[in-house]
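Here the structure is laid out as structure tokens; the discussion comes afterwards.
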Amino acid sequence: MNIAIDGPAGAGKSTVAKLVAESLSYLYIDTGAMYRSLTYAALQENISLEDGNALLNLLTKLDIELKNEETVTTVLLNGEDITSDIRSSSITANVSLVAQHEVVRHEMVQRQRQLAKEGQVVLDGRDIGTHVLPDAELKIFLTASVEERAKRRYEELTAKGETIDYEQLVQEIAKRDKLDSTREFAPLKKAESAIEVDTTSLTINDVVNQILNLVKERT
Ligand code: C5P
């Protein structure tokens, strides 16, 4: 079985996907980390984020490796550990611009399918159920209100010692959702057969258990 988990920014996809994968001994693939890695490299190399072909050209020179150990994913870009760099606010603010280019997405999707080809995978992203793995046996669309998603992100950042304005987070998340869901090619969208789980008032454990129950029903 393959599991696709899609949804807007901050809905808890990666936390949930990692726990589901760990519990089933499946491979977890964080596809957002791949777009973030390309954004990181493009900003380092001063490549215009509007130039899809230049980004694709850069991507062909990049080896993006996602290493999972229990529930920790390490991201290596041509061997360099960029795990925390790709979570910075500048990457978060720019990644949707990079992800909107069709040529970039084609290459990313090819890499994602290659990583998923052995099966028993949990992929999280925006277009997994609609585009990357349209035949996935279980598709989940995780949502939560924008206020709740901003609150979670606020708590995560303040726990790390960062100072951030809550209202600014609400706006940034709403902006990223808009860019992701209105882009022309493979936008963020619930797949027809996806099960929508609104996590606004659920704990992480509730969500993980719901998904594990859905897996059980299908096996
Ligand atoms: O999941 P995460 O928030 O790390 O994703 C970062 C960004 O990467 C998203 O806002 C979106 O622009 C892009 N993305 C995408 N398709 C995916 C995964 C991520 O367009 N499958």
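The values are calculated or read from the model by the stated rules, or taken from the named source; none is laboratory data. Model, not experiment: these values are computed from the prediction. Here the Cβ is made from the backbone with ideal geometry for all residues, glycine too, and neighbour counts use every protein chain on show.
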All conditions in (1) at pLDDT 95 or above; (2) surrounded by fewer than 21 Cβ atoms within 10 Å (Cβ to Cβ); (3) within 13 Å of the ligand (Cβ to nearest atom) are true of Ser89 except (1)
By residue number, the members of the range 13-38 that are part of a helix (DSSP H, G or I), more than 7 Å from the ligand (Cβ to nearest atom) and either within 11 Å of the chain's Cα centre (by Cα) or over 17 Å from Asn209 (Cα atoms) (or both) are Thr15, Ala17, Met34, Ser37, Leu38
Flagged pairs (Cβ under 7 angstrom, 6 or more apart or on separate chains; first in the range 125-154, under 11 Å from Asp198 (Cβ atoms); second surrounded by 24 or more Cβ atoms within 10 Å (Cβ to Cβ) and among the basic types (Lys, Arg)) are Leu142/Lys13
Listed by range, helices (runs of 4 or more DSSP H) wholly within the range 49-129 having at least 3 residues that are farther than 22 Å from Ser181 by Cβ are 52-59, 102-116
Filtering the range 185-201 down to residues that are more than 12 Å from the ligand (Cβ to nearest atom) and either assigned to a loop (DSSP other than H, G, I, E, B) or among the basic types (Lys, Arg) (or both) yields Lys190, Ala191, Glu192, Ser193, Ala194, Thr199, Thr200, Ser201
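Does Arg153 satisfy the condition of being within 16 Å of the ligand (Cβ to nearest atom), touching a Pro at 6+ places or on another chain (Cβ under 8 Å) and outside any strand (DSSP E or B)? If you could, list the steps in order and put the result at the bottom.
Numbers: within 16 Å of the ligand (Cβ to nearest atom): yes; touching a Pro at 6+ places or on another chain (Cβ under 8 Å): no; outside any strand (DSSP E or B): yes.
Criteria not met by Arg153.
Could you list, in sequence order, the residues of the range 60-72 that are modelled with pLDDT of 95 or more and under 14 Å from Ala33 (Cβ atoms)?
Within the range 60-72, the subset modelled with pLDDT of 95 or more is 60-67.
If the condition is that a residue be modelled with pLDDT of 95 or more and under 14 Å from Ala33 (Cβ atoms), then Leu62, Asp63, Ile64, Glu65, Leu66, Lys67 are the ones that fit.
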For the range 182-196, pairs from a residue that is free of Cβ contacts under 8 Å to residues at least 40 places away in the same chain to a residue that is charged (D, E, K, R) and buried (at least 19 other Cβ atoms within 10 Å of the Cβ), with Cβ under 9 Å and 6 or more apart or across chains, are Glu192/Lys139
